[in-house]
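Remarks on the structure that follows.
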Amino acid sequence: MPGKDTFIGQIIDQFRILRHLGRGGMADVYLAHDMQLERQVVLKILLPHIVESEEFSARFQREARATARLQHPHIVQVFSIGHVPDGRAYIAMQYISGGALSDYLHNLIAQDQWITPTYALVLMRQIAEALAAAHAAGIVHRDLKPGNILLR
């Protein structure tokens, strides 16, 4: 099966893969250009070992469909789902350019600075509101951590 760099430069459906952003427990994450709507998106492509489990593949698609129904200012929008040529599922999602909370905190620490209490409270409220909206829709995040919290 293709490695993470194999997709760079390829066109999958209407998406041109630009670069690899990272890897999570279930998927490789890519920055892509939506050629139809002229916008940047994130493509999460299931990892090869996940495809071997029908349960995980089905959960991935169920969660994508459920998340796509959520409309909340602090939840990333899901645009579409599909399959790459080798059969693995992908999710096309909203691209948030601000980076992860973990990177922001590491940068502050490197500069011997701290997050202000006011900003910490604002972030915590937004995170709590997003989780409440997801839970109200029957969705459990399963991997809440600073690396998965995106900043605008």
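What the table below lists for this structure:
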quantity	calculated
Only one of Ser97, Ser53, Ser57, Ser102 that is touching a helix residue (DSSP H, G or I) at 6+ places or on another chain (Cβ under 8 Å) and either surrounded by fewer than 14 Cβ atoms within 10 Å (Cβ to Cβ) or under 23 Å from Pro146 (Cα atoms) (or both)	Ser102
Flag for Ala27 being under 23 Å from Ser102 (Cα atoms), small (Gly, Ala, Ser) and at pLDDT 95 or above	no
Which numbered condition Gln10 misses (of (1) among the polar types (S, T, N, Q); (2) in the same structural domain as Ala133 (by TED's automatic domain parsing); (3) over 18 Å from Gly147 (Cα atoms))	(2)
All helices (runs of 4 or more DSSP H) inside the stretch 28-127 with 2 or more residues being within 14 Å of the chain's Cα centre (by Cα)	54-69
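The values are calculated or read from the model by the stated rules, or taken from the named source; none is laboratory data. Everything numeric in this text was worked out from a predicted model, so none of it was measured. Note that we place each Cβ from the backbone using ideal geometry, even for glycine, and neighbour counts take in every protein chain shown.
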